[in-house]
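Below is one structure, written out as structure tokens, with a few remarks after it.
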Amino acid sequence: MLNSKIPSGPLDQKWTEFKGHCKLVNPANKRKLEIIIVGTGLAGASAASSLGELGYKVKAFCFQDSPRRAHSIAAQGGINAAKNYQNDGDSVFRLFYDTIKGGDYRAREANVHRLAEVSGNIIDQCVAAGVPFAREYGGLLSNRSFGGTQVQRTFYAAGQTGQQLLIGAYQSLERQVALGNVTMYSRHEMLDIVKIDGKARGIIARNLVTGKLERHFGHAVLLCSGGYGNVFYLSTNAMGSNVTAAWKAHLKGAFFGNPCFTQIHPTCIPVSGDHQSKLTLMSESLRNDGRIWVPKKQNDTRRPNEIPEEERDYYLERRYPAFGNLVPRDVASRAAKERCDAGYGVGTSKQAVYLDYADAIHRYGKGEVNKRNLENVSEEEVIRLGKEVVKEKYGNLFDMYEKITGENPYEVPMRIYPAVHYTMGGLWVDYELMTSVQGLYCLGEANFSDHGANRLGASALMQGLADGYFVIPYTIGNYLADEIMTKAIPTDHPAFVEAEKEVADRINRLMNIKGKQSVESLHKRLGKIMWDKCGMARNEAGLKEAIVEIQALRKEFWSDLRIPGTIEEMNPELDKANRVADFIELGELMCLDALNRRESCGGHFREESQTEEGEAKRNDDEFSYVAAWEYKGEHQWELHKEALNFEVAKPTQRSYK
Amino acid sequence: MSSNTMNLTLKVWKQKNSQDTGHFETYQVKNISDEMSFLEMFDVLNEELIAEGKEPITFDHDCREGICGACSMYIDGKPHGPWLANTTCQLHMRAYKDGDTIVVEPWRANAFPVIKDLMVDRTAFDRIIQAGGYISVNTGNAQDANNLPIEKQLADDSFAAAACIGCGACVAACKNSSAMLFLSAKVSHLALLPQGEPERKIRVTNMLAQMDKEGFGACTNTGACEAVCPKEISLTNISRLNKEYLLAGLTSEK
């Protein structure tokens with residue numbers, strides 16, 4: 001049933017082999033083929049520009065007012081590439097291996113190796129397109145480290161790497177718009193896939209300004225619509241980030257892969273109250289220099305600067321001496337939760353740990369003293385110099401922290417706590433990024449493919465751009481080469497009419513509930529169920545409860561929701577209702593998947609499956625597979641298993657000690 | 001951290017659609033925590049309005065981290081409100097005290113027509129980028145990234161200009177509704193890099209022409225844009241743009 005279409009041959013030859021033999025479409029035929037792209041983040045914008053350059057007729061859609069605002073823009077820390085510019089032992093193999101291991105042996109080897117292979121091309125392409133990465137004084141590119149690796153392979157632009165990469169891809173996209181190869185539809189939301197004879201042939205989209213539904217034909221449809229972290233209500237995702245495009249595809253036959261694999265990021269600004277609408281990440285790059293600690297004494301109410309060195313527990317350095325503060329995200333998050341649950345948490349909520357820059361400021365200050373040949377320098381001067389260096393590296397992050405909390409992180413340690421950040425799960429795709437529906441592709445965070453059960457830092461940007469710039473331009477030809485005789489299907493085809501009617505009916509149903517509760521309040525309740533029972537730690541009883549609670553919430557949603565305003569106007573409450581309705585259905589599937597996977601791996605921690613030291617314990621004999629769920633009707637799914645074969649990176653107990 | 005609450009009066013611009021003339025509406029909000037963000041205060045108000053069966057206030061917002069550039073409120077006569085180098089979403093209620101009255105309007109500019117309430121149409125910015133705000137390099141054409149060293153200072157200056165989030169506060173602050181700071185940030189970002197060199201002349205010429213076509217006003221160098229820019233895009237960029245434009249005109253082969 002599941003054919004992952006992995007090319008044969010040795011791992012490091014598969015992609016070359018594929019490229020050498022895949023079908024091509026000649027330029028004259030490309031001009032006749034139309035491609036729909038939903039979402040304009042790194043994956044969508046890079047795919048739209050690259051396919052436009054190749055000569056395909058592209059239509060790109062985003063719900064934001066401009067493609068430049070897609071949430072890739074908020075990625076902070078960096079993008080990985082196996083350039084080995086630092087001469088520190090990096091290679092394509094190392095990046096491949098780190099990613100497989102970081103993902104706790106739940107990703108497909110062939111996909112991850114391809115990702116590592118093209119990683120260097122991404123940096124080349126971005127620099128050529130004018131992305132101003134950080135540079136050294138010699139004019140060459142600068143690197144830093146991220147979690148789960150022992151080399152420096154992360155390229156960055158201060159704490160705004162995602163912004164700079166997206167602006168690069170956006171500019172290329174706008175160039176194609178100017179050339180007439182791409183038509184851009186902003187403030188449009190995809191609300192259904194149109195299938196004809198088993199193949200994806202278009203979408204139904206809603207113009208969010210007028211509220212009108214539109215039909216769009218495409219020979220192929222690409223979903224680049226991002227992750228679904230907002231199912232938890234509070235996450236580091238943008239307010240508008242949603243699962244709707246992927247979920248509609250799922251209901252129309254695309255399998256959902258590993259839905260329960262969620263990344264909880266260890267360094268976020270803690271929740272301050274019930275009014276909280278979203279959470280803000282403090283980049284993992286801060287763990288390059290910052291040290292994480294809690295007091296050694298439980299319920300210590302002293303201010304952090306009053307706690308002497310010997311009474312601090314640098315628990316990551318203590319538990320994981322080899323990787324220290326740079327352990328992968330899942331490990332760091334669980335360790336923070338463990339300390340807080342045990343009563344060592346700090347701040348008013350006690351749900352926080354310290355991220356401290358005092359050491360780094362001192363170290364950098366000393367470095368400057370050396371560099372500038374200064375003598376008889378006072379301690380204050382060292383600190384002042386050190387703060388300058390830290391400001392250059394992390395200034396925007398420190399400013400953001402101060403704006404949100406009102407505290408100055410140059411003077412007092414930051415308080416941080418884990419928060420939902422990324423979803424490794426997503427639509428199941430084969431090696432060519434095609435879902436289980438013919439002609440329907442899924443790229444970037446929206447697919448399940450490369451990060452297994454835990455994503456390493458600075459790898460999301462890499463995957464989004466790999467998929468869009470360097471994978472889909474090759475793989476889509478392999479499908480479209482057989483479609484050159486297919487003429488554009490008029491959108492009065494019954495399949496379009498029917499799909500539009502379904503969408504219209506659902507919107508009418510939503511508007512006519514006329515109940516009492518707002519979308520926001522119901523979304524918050526879904527988030528609480530998910531966070532409490534399908535969050536950082538999960539167990540069988542909790543997951544079973546969660547499923548019952550979510551089903552009840554769904555009934556409440558469809559019987560007591562209140563949406564103000566009308567359909568044919570700009571109506572953000574209706575937009576949210578459409579999205580939350582899908583999140584509720586997804587939440588149930590996530591719990592089902594978490595319940596089925598009776599092992600711990602990466603970000604998925606089943607309390608029943610842990611080592612004596614409290615580390616995640618995999619069960620390779622039973623669960624070395626991708627769980628691909630097929631929708632079978634309300635509350636019903638069928639599980640398909642894609643076995644994972646590790647020919648090169650042999651699974652071992654992951655250790656960062 | 002201590003948490004205090006306050007009661008406020010809000011005067012907010014309401015406008016049904018681009019045809020409607022629009023008007024101010026007054027709202028009272030109670031028990032607002034000083035730890036809330038400005039937009040979370042609007043969330044609270046909107047939830048109350050929905051509960052009362054009234055129309056909530058429409059506004060643009062997305063990342064709420066000050067980077068996507070969606071949020072765009074003109075607060076007490078200042079784009080993005082009272083804090084320096086800040087976006088509306090990062091403004092926190094610590095900035096206000098109990099009993100304050102706050103006036104909130106959309107960006108005002110002919111080139112940014114109101115869609116509804118506080119939400120405006122900024123697609124004119126996208127069209128300015130389409131006129132030349134890019135480097136023409138198709139995917140696959142790149143050489144090794146380190147083959148072309150770039151002086152650190154140039155790269156840093158280019159990055160500082162590229163930090164523009166395209167929010168439009170510069171236009172909203174300008175008495176002429178000029179988009180010069182936005183435009184100059186993009187021209188500088190690309191002109192400072194060797195990769196941007198081949199299209200340097202045509203880029204500045206075409207982008208300026210597009211800005212005029214969109215109905216943005218002329219720049220008179222008052223610096224109101226720089227003062228409100230959330231990313232502190234410098235006025236120096238405008239001088240650089242003028243230099244680029246002059247150079248393009250003087251050395252044109254056409």
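The values are calculated or read from the model by the stated rules, or taken from the named source; none is laboratory data. All of these numbers come straight from a predicted model, not from anything done at the bench. Heads up, the Cβs are rebuilt from the backbone with ideal geometry, glycines too, and the neighbour counts pull from every protein chain shown.
Every listed requirement among (1) within 11 Å of chain B (Cβ to nearest Cβ); (2) of a type outside the set (A, V, I, L, M); (3) on the phi > 0 side of the Ramachandran plot is met by A:Cys126 save one, (3). Based on this model, can you work out whether A:Ile167 counts as within 7 Å of chain B (Cβ to nearest Cβ), assigned to a helix (DSSP H, G or I), within 25 Å of A:Tyr394 (Cα to Cα) and of a type in the set (A, V, I, L, M, F, W, C)? Yes; evaluated as a whole, the condition is true for this residue.
Give A:Met590, A:Met570 a once-over and let me know the one that is hydrophobic (A, V, I, L, M, F, W, C), in contact with a strand residue (DSSP E or B) (Cβ under 8 Å, 6 or more places away or on another chain) and under 23 Å from A:Gly227 (Cβ atoms).
A:Met590
Against the numbered list (1) within 14 Å of another protein chain (Cβ to nearest Cβ); (2) of a type in the set (Val, Ile, Thr); (3) assigned to a loop (DSSP other than H, G, I, E, B), A:Val58 comes up short only at (3).
Table: residues versus (1) assigned to a loop (DSSP other than H, G, I, E, B); (2) modelled with pLDDT of 95 or more; (3) out of contact with any Leu (no Cβ under 8 Å at 6 or more places or on another chain).
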residue: A:Asn242; (1), (2), (3): yes, yes, yes
residue: A:Ala245; (1), (2), (3): no, yes, no
residue: A:Gly253; (1), (2), (3): yes, yes, yes
residue: A:Pro259; (1), (2), (3): yes, yes, no
residue: A:Ser272; (1), (2), (3): yes, no, yes
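Within the range B:157-180, can one find any residue that is among the β-branched types (Val, Ile, Thr), at the interface with another protein chain (Cβ under 7 Å from one of its Cβ atoms), buried (at least 24 other Cβ atoms within 10 Å of the Cβ) and not in a helix (DSSP H, G or I)? Scanning the range B:157-180 turns up no residue that is among the β-branched types (Val, Ile, Thr), at the interface with another protein chain (Cβ under 7 Å from one of its Cβ atoms), buried (at least 24 other Cβ atoms within 10 Å of the Cβ) and not in a helix (DSSP H, G or I).
With respect to A:Met530, determine if the residue is surrounded by 19 or more Cβ atoms within 10 Å (Cβ to Cβ) and not in a helix (DSSP H, G or I). For A:Met530, the condition - surrounded by 19 or more Cβ atoms within 10 Å (Cβ to Cβ) and not in a helix (DSSP H, G or I) - is not met.
Of the residues that make up the range A:342-356, is at least one within 14 Å of chain B (Cβ to nearest Cβ), within 30 Å of A:Ser449 (Cβ to Cβ), touching a Cys at 6+ places or on another chain (Cβ under 7 Å) and touching a residue at least 12 places away in the same chain (Cβ under 8 Å)? Taking every residue of the range A:342-356 in turn, none turns out to be within 14 Å of chain B (Cβ to nearest Cβ), within 30 Å of A:Ser449 (Cβ to Cβ), touching a Cys at 6+ places or on another chain (Cβ under 7 Å) and touching a residue at least 12 places away in the same chain (Cβ under 8 Å). Scanning the range B:1-20 for residues that are more than 13 Å from every other protein chain (Cβ to nearest Cβ) and among the hydroxyl-bearing types (Ser, Thr, Tyr) yields a count of 1.
Inspection of the range A:152-159 finds a residue satisfying the criterion of being of a type outside the set (Val, Ile, Thr), more than 7 Å from chain B (Cβ to nearest Cβ) and under 27 Å from A:Asn645 (Cβ atoms). Scanning the range A:574-629 for residues that are touching an Asp or Glu at 6+ places or on another chain (Cβ under 6 Å) and in a loop (DSSP other than H, G, I, E, B) gives A:Gly602, A:Gly603, A:Ser609, A:Arg618, A:Asn619. From A:Leu208, A:Leu222, which residue is away from chain B (no Cβ under 14 Å) and touching a helix residue (DSSP H, G or I) at 6+ places or on another chain (Cβ under 7 Å)? Checking each option against the conditions leaves just A:Leu222.
Rundown of residues vs (1) in a helix (DSSP H, G or I); (2) aromatic (Phe, Trp, Tyr); (3) out of contact with any helix residue (DSSP H, G or I) (no Cβ under 9 Å at 6 or more places or on another chain); (4) on the phi > 0 side of the Ramachandran plot, yes/no style:
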{"position": "A:Ala335", "(1), (2), (3), (4)": "yes, no, no, no"}
{"position": "A:Thr348", "(1), (2), (3), (4)": "no, no, yes, no"}
{"position": "A:Val369", "(1), (2), (3), (4)": "yes, no, no, no"}
{"position": "A:Glu375", "(1), (2), (3), (4)": "no, no, no, no"}
{"position": "A:Glu380", "(1), (2), (3), (4)": "yes, no, yes, no"}
{"position": "A:Val390", "(1), (2), (3), (4)": "yes, no, no, no"}
{"position": "A:Gly395", "(1), (2), (3), (4)": "yes, no, yes, no"}
{"position": "A:Lys403", "(1), (2), (3), (4)": "yes, no, no, no"}
